[in-house]
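I have a structure I would like to understand better, so I am pasting it below and will then ask my questions one at a time.
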Amino acid sequence: MLLGRVTGTVVASRKEPLMEGWKLLVVRQLDADNHEVAAYVVAADAVGAGVGEVVLYATGSSARQTEMTRDRPCDAVIMAIVDTWEVGGREVFRK
């Protein structure tokens, strides 16, 4: 799993039928200190996340392990919305 911040949305009116109904979000990866790194990914939203939220997401074959994405063409999925996180006893983020 990776930490990221939702930075935008993607609208695709024509897509693979197995992806119908999916909300697609642009996620920018975060490091352990809540700083954005260069990587962006488009992820299927399995939990109802919104722009600006910090999320946990998975990529690769792990992205196809949720109920929504199982056996479907997906390389990234948002699977949790982060409320808080700590590193070394220091709170890095609180929603």
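Work out how much length residue 36 to residue 62 would gain on full extension: take 0.36 nm times their residue separation and subtract the Cα-Cα distance, in nm to one decimal. Numbers along the way, then the final one.
Values: separation 26, 0.36 × 26 = 9.36 nm, distance 2.23 nm.
Residue separation times 0.36 nm, minus the Cα-Cα distance, leaves 7.1 nm.
Of all alpha-carbon pairs in the chain, indicate the percentage at a distance above 21 angstrom.
On the way: 1345 of 4465 pairs.
Looking at the chain, the distances longer than 21 Å represent 30 percent of pairs.
So what are the ³J(HN,Hα) numbers for region 81-91, from phi and the Karplus equation (6.51, -1.76, 1.60; θ = phi - 60°), rounded to whole Hz, Gly and Pro as x?
Once rounded to whole Hz, the list reads 9, 7, 8, 8, 8, 10, 9, x, x, 9, 6.
When the Karplus curve 6.51 cos²θ - 1.76 cosθ + 1.60 is applied with θ = phi - 60°, which whole-Hz ³J(HN,Hα) does each residue of region 30-44 get, with x for Gly and Pro?
10, 8, 5, 9, 6, 9, 6, 10, 5, 6, 10, 8, 9, 10, 6
If I model a spin label at residue 84 and residue 72 as a point 7 Å from the Cα along the Cα→Cβ vector, what separation in nanometres do I get?
Here the answer is 3.3 nm between the modelled labels.
Quick one: in region 34-81, what % of C-alpha pairs are over 15 Å apart?
Details: 450 of 1128 pairs.
The proportion of pairs with Cα distances above 15 Å equals 40 percent.
Got a sec to turn the phi values of region 61-71 into Karplus ³J(HN,Hα) couplings, 6.51 cos²θ - 1.76 cosθ + 1.60 with θ = phi - 60°, whole Hz, x for Gly and Pro?
Computed from phi, the couplings for region 61-71 are 4, 5, 5, 9, 9, 8, 4, 5, 9, 4, 6 Hz.
Using only alpha carbon pairs under 8 Å that are at least six residues apart, calculate the relative contact order of region 18-88 and give it in whole percent. Each step should come with its number before you reach the end.
Numbers: 112 pairs, mean separation 21.6, N = 71.
After rounding, I find 30 percent.
If you take every DSSP beta bridge whose two residues both sit in the chain, what share of them, in percent to the nearest 5, is antiparallel? Can you show the working numbers first?
Working: 25 of 27 bridges.
The antiparallel fraction comes to roughly 95 percent.
Please compute one quarter of the surface area of the Cα convex hull for region 55-95 and express it in square nanometres.
Working: hull surface 13.8 nm².
The Cα convex hull of region 55-95, projected and averaged over all directions, gives 3.4 nm².
Each value in this text was obtained by applying a stated rule to the coordinates, not by laboratory testing. Computed from a predicted structure; not experimentally measured. Note: ideal-geometry Cβ built from the backbone for every residue, glycine included; neighbour counts use all protein chains shown.
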